[in-house]
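Engineer: There's a structure below that I have some questions on.
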Amino acid sequence: MTLFYYIATDKELPTGSFGKKKTMMKLKDALKLHPPDENSLTSVFDLSHLYEQNTEVYETEEDAAGLYISGPLTYQDTSKHFRNPFVYQVDHDGGSFQISGRIKEISPQAFLLGKKCLTELFAYLDHNLVSGEHAELYACWAHGMERFEGPRNSKLDLVLDLNTFELGEEFEWQDRQYIVVNK
């Protein structure tokens, strides 16, 4: 099973990848910057036919972290969880939607990647909502193709105002948590 995350709004949103800091370059040039070692695939396979193709290059893991937004969903009944009609799946790409002091202590890199994904999520919402609008966020586990079977956990309901919200060092977007983000 997988925990899925959703954004619902009353208007269409841009989809695709957001927040990554990448450079596009030819594979042959990327290999010059980061030469492969003797245990890499290039020592086993001839990749010379790909040398002229462009590839994404990231300076750091944090540069590679961001969001991927897809949708709007058309194959699921989302009406019992969302008031807004346009529902998008949002994936943390290279990180998570959870940060805490414990994570920071155990894995500083995981904390940085999670903070990057959360920062990008709230920046995406801030950029795509205008004053007076709101978005609904919801997370739930998939049960086969059905993703919205269980009821939300109203004890986890949260309302955030983008104009005053500061992420801080502790945040977790939890299973069956409904969050309203106002702008």
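The values are calculated or read from the model by the stated rules, or taken from the named source; none is laboratory data. Worth saying up front: this structure is predicted, and the values here are computed from it rather than measured. Glycine also receives a Cβ, built like all others from the backbone with ideal geometry; neighbour counts cover every protein chain displayed. Ligands, DNA and RNA are excluded from the accessible area calculation, which covers all protein heavy atoms including side chains. Shrake-Rupley method; radii C 1.70, N 1.55, O 1.52, S 1.80 Å.
Engineer: Counting only C-alpha contacts under 8 Å and six or more residues apart, can you give the relative contact order of the chain as a whole percent?
Structural biologist: It rounds to 27 percent for the chain.
Engineer: Could you work out how far helix 108-128 tilts from the main Cα principal axis of the chain, as a 0 to 90 degree angle to the nearest 10?
Structural biologist: 60
Engineer: Determine the sum of side-chain charges near His134: Lys and Arg each +1, Asp and Glu each -1, restricted to other residues whose C-beta is under 9 angstrom from that of His134.
Structural biologist: Taking every other residue near His134 into account, the sum is -2.
Engineer: Put Thr15, Thr78 in order of accessible area, largest first, 1.4 Å probe: what do you get?
Structural biologist: Thr15, Thr78
Engineer: Now, a different point. Go through the stretch 8-14 residue by residue and turn each phi into a ³J(HN,Hα) via Karplus (6.51, -1.76, 1.60, θ = phi - 60°); whole Hz please, and just put x for glycine and proline.
Structural biologist: 10, 9, 8, 8, 6, 10, x
Engineer: Just the number please: accessible area per residue for the chain, 1.4 Å probe, all protein chains included, in Å².
Structural biologist: 58
Engineer: Over the stretch 59-136, with every protein chain in place, what whole percent of the accessible area is carbon and sulfur at 1.4 Å, could you tell me?
Structural biologist: That fraction is 51 percent.
Engineer: Based only on Cα atoms, what mean projected area does the convex hull of the chain have, in nm²?
Structural biologist: Answer in nm², one decimal: 13.4.
Engineer: Right, something else. Per DSSP H run of n ≥ 4, the term is -39500 (n - 2.57); total these for the chain, divide by its residue number, and report the mean residue ellipticity at 222 nm rounded to 500 deg cm²/dmol.
Structural biologist: -6500 deg cm²/dmol
Engineer: A follow-up question, please. In bins 5 Å wide, starting from 0, what share of all Cα pairs of the stretch 57-125 does each bin hold, as a percent?
Structural biologist: Final binned percentages: 3, 17, 21, 18, 16, 11, 9, 5, 1.
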